[in-house]
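The values are calculated or read from the model by the stated rules, or taken from the named source; none is laboratory data. Since this is a predicted model, take the numbers as computed values, not measurements. Cβ placement follows ideal geometry from the backbone for every residue including glycine, while neighbour counts extend to all protein chains displayed. Accessible surface is based on the protein model in full, side chains and every heavy atom, while ligands, DNA and RNA are left aside. Shrake-Rupley method; radii C 1.70, N 1.55, O 1.52, S 1.80 Å.
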Amino acid sequence: MNEHKPYREWILEDESLPKESQKELKRHLKECRECRSLAENWNAAKASLQTAAAQAPRAGFSGRWKALARARSRTPTPRAAWAMLAAAGLGSLAMAAALALQTSAEGLSLAGVFTRDLTAASGTIGQWLGASRAFGEVLAIVSRSIPPAVYLLAVFLISLIGVLAILAFVRLHPRGGGK
């Protein structure tokens, strides 16, 4: 089998061979029935390809192709929608867990952490506005007057709105079609 390898490659080669290789191939083809058959079949296949008429597509092919491409580019897949839903849910859980860890590690209530963080943020913003003390005190008063359960409820409602938005997206854009 290996003794045929260079000859098979030469037979199937599209570029012309050097003179010495051409002579060697001709000698081999006279002696080897297997390689001679390969060369004859290969030449017949090339001739058939060159003389074959090009086939035209059925009527409306390009229109069908373009419509299919438009439909596929506009239709979101359910897998992507579920991935977004899972990411939103996991993000909400991570945010709630981080908040719980922060409050327990610092020995503060949820309202205390929220007040401290808002006060720090308001300090930066207030300095920009030139009224940091008043702004921080207002935020501290507002945050102390709101019970911790309201903060948790706000996080839950924001997460729920995100989940509902993703579900609405999935329902309005079903797979395989659309408006």
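See the values below:
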{"read-out": "Mean accessible surface per residue for the chain, computed with a 1.4 Å probe while every protein chain stays in place, in Å²", "value": "77 Å²"}
{"read-out": "Electrostatic dipole magnitude of the range 1-101 [Cβ: Lys, Arg +1; Asp, Glu -1; Cα centre; debye, to 20]", "value": "640 debye"}
{"read-out": "Under the Karplus curve 6.51 cos²θ - 1.76 cosθ + 1.60, θ = phi - 60°, whole-Hz ³J(HN,Hα) for the range 3-10, x wherever Gly or Pro sits", "value": "5, 8, 3, x, 5, 4, 5, 5"}
{"read-out": "Highest-MSF residue in the chain out of Leu164, Leu38, Leu90 [GNM, Cα springs under 10 Å]", "value": "Leu38"}
{"read-out": "Carbon/sulfur fraction of accessible area - the range 1-65, other protein chains in place, 1.4 Å, %", "value": "53 percent"}
{"read-out": "Listed candidates (1) 36, 27, 19; (2) 31, 16, 15; (3) 77, 26, 17 - label of the one calculated as semi-axes √(5λ) of the Cα gyration tensor in Å", "value": "(3)"}
{"read-out": "Per-residue ³J(HN,Hα) for the range 86-91, Karplus 6.51 cos²θ - 1.76 cosθ + 1.60, θ = phi - 60°, Hz, x for Gly and Pro", "value": "5, 5, 5, x, 5, x"}
